[in-house]
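Trainee: Take a look at this one; I'll ask things after.
The values are calculated or read from the model by the stated rules, or taken from the named source; none is laboratory data. This one's a predicted model, so the numbers in the text were calculated from it and none came from an experiment. We place every Cβ from the backbone using ideal geometry, glycine too, and count neighbours over all the protein chains shown.
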Amino acid sequence: MEIIITPDYEQMSKTSARIIAREIKKKHDLVLGLATGDTPVETYQELVKIHKEEGLDFSKVTTFNLDEYIGLAPLHKNSYNLFMWENLFKHINANSENVYVPQGNTDDPEEFSQWYEEQIKKAGGIDLQVLGIGGDGHIAFNEPGSSFASRTRVKALYKQTIEDNARFFEKVEDVPRFAITMGIGTILEARKILLIANGENKADVCAQFIEGPVSSQITASALQLHSYVTVVLDEPAASKLTRTEYYNWVRDNKHLVQKKLGR
Ligand code: F6R
């Protein structure tokens, strides 16, 4: 894993947007996996800025979102689909035919999940998957104990996730108990992965998934099994890492190691 520690949320967002933009410039028909939540909001704002000011072209990019709450229609105010349109898609030249977000109000979530997996395959697989991390260490909605071989499926949300996400709803009882989520196996098949995290409340899980053992109890630790992961953190989220000096040395001397990392 390449660990990039930035001073604050603003720099985390700018750095991660630049990483995404670089991949789109390299491959115009990039297949991009996307996350929702608070963490990527400014990354998406930066991407919009790069689109408007530098002409970053999304017209051939295909996107697959990680997850959606079961029971919410695509235009529900708390749906991840609406989140994506409000925060990114409507501000760029996204082609709606190439935008995939799991359908929360599908009649048959299991069948839908299989269809979603097939669409990812048909698109040629995900080139770059953007991830956040939950307070319980989840990636997408792969809650503690999720199999590392899991595919897109229905997952019951963990108590902590329901409480964490209650801030987006009027009351905690309104938070859906289930979601459709890409599996860890699905995520690990992405060619490159970019995980972003900010804030002191993510410090413990970031230390656990980066420097702790690989364990289904912190599902983000599955990323240790992937060969191309970049983690962009702000200082508060990185505050419990023990090898900060090493990560910063690598970041600052990247030109020396770039060839070895193949980046
Ligand atoms: C959202 C998702 C989740 C979030 C995680 C962090 O699509 O997959 O795993 O990335 O819950 O959420 P925030 O960014 O709100 O702290």
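Trainee: For the range 110-192, please list each of the strands (runs of 3 or more DSSP E) lying entirely inside it that holds at least 2 residues being more than 22 Å from Ile24 (Cα to Cα).
Mentor: So the answer is 153-156, 178-181.
Trainee: Taking the residues in the range 198-219 that are within 15 Å of the ligand (Cβ to nearest atom) and among the β-branched types (Val, Ile, Thr) as candidates, determine which candidate is nearest to Tyr247 (Cα to Cα).
Mentor: Selected residue: Val205.
Trainee: Here is a list: Lys192, Lys171, Lys155, Lys159. Which entry is out of contact with any Asp or Glu (no Cβ under 9 Å at 6 or more places or on another chain), among the basic types (Lys, Arg) and more than 22 Å from Tyr9 (Cβ to Cβ)?
Mentor: Answer to the check: Lys171.
Trainee: Sort out which residues of the range 37-57 are farther than 12 Å from Ile196 by Cβ and either of a type in the set (Ser, Thr, Tyr) or surrounded by fewer than 22 Cβ atoms within 10 Å (Cβ to Cβ) (or both), and write them in order of number.
Mentor: Those that are farther than 12 Å from Ile196 by Cβ and either of a type in the set (Ser, Thr, Tyr) or surrounded by fewer than 22 Cβ atoms within 10 Å (Cβ to Cβ) (or both): Gln45, Val48, Lys49, Ile50, His51, Lys52, Glu53, Glu54, Gly55, Leu56, Asp57.
Trainee: For the range 137-148, indicate whether the set of residues that are within 19 Å of the chain's Cα centre (by Cα), surrounded by 19 or more Cβ atoms within 10 Å (Cβ to Cβ), away from the ligand (no atom under 11 Å from the Cβ) and over 19 Å from Ala197 (Cα atoms) is non-empty.
Mentor: yes
Trainee: So, in the range 158-197, how many residues would count as being buried (at least 21 other Cβ atoms within 10 Å of the Cβ), more than 10 Å from the ligand (Cβ to nearest atom) and hydrophobic (A, V, I, L, M, F, W, C)?
Mentor: Summing the residues that are buried (at least 21 other Cβ atoms within 10 Å of the Cβ), more than 10 Å from the ligand (Cβ to nearest atom) and hydrophobic (A, V, I, L, M, F, W, C) in the range 158-197 gives 5.
Trainee: What pairs come up if the first residue lies in the range 188-214 and is farther than 30 Å from Ile120 by Cα, the second is at pLDDT 95 or above and within 16 Å of the ligand (Cβ to nearest atom), and their beta carbons are under 6 Å apart, counting only those six or more places apart or on different chains?
Mentor: Gly199/Pro236; Gly199/Ala237; Glu200/Pro236; Ala203/Ala237
Trainee: Filter the range 114-127 down to residues that are touching a residue at least 60 places away in the same chain (Cβ under 8 Å) and more than 18 Å from the chain's Cα centre (by Cα) and give me whichever is surrounded by the fewest Cβ atoms within 10 Å (Cβ to Cβ).
Mentor: Among them, the one singled out is Gly124.
Trainee: Taking Ser221 and the conditions (1) among the polar types (S, T, N, Q); (2) over 23 Å from Glu42 (Cα atoms); (3) in contact with a strand residue (DSSP E or B) (Cβ under 6 Å, 6 or more places away or on another chain); (4) not in a helix (DSSP H, G or I), which numbered condition does it fall short on, given that it satisfies the others?
Mentor: (4)
Trainee: Pull up the range 59-94, narrow it to residues that are in a helix (DSSP H, G or I) and more than 18 Å from the chain's Cα centre (by Cα), then point me to the one that is surrounded by the fewest Cβ atoms within 10 Å (Cβ to Cβ).
Mentor: Lys90
Trainee: Taking the condition within 11 Å of the ligand (Cβ to nearest atom), among the β-branched types (Val, Ile, Thr), farther than 23 Å from Met12 by Cα and buried (at least 16 other Cβ atoms within 10 Å of the Cβ), does Val130 pass?
Mentor: So Val130 does not fit the description; no.
Trainee: Also, quick follow-up: Tally up the residues in the range 18-58 that are assigned to a helix (DSSP H, G or I) and away from the ligand (no atom under 12 Å from the Cβ), please.
Mentor: 19
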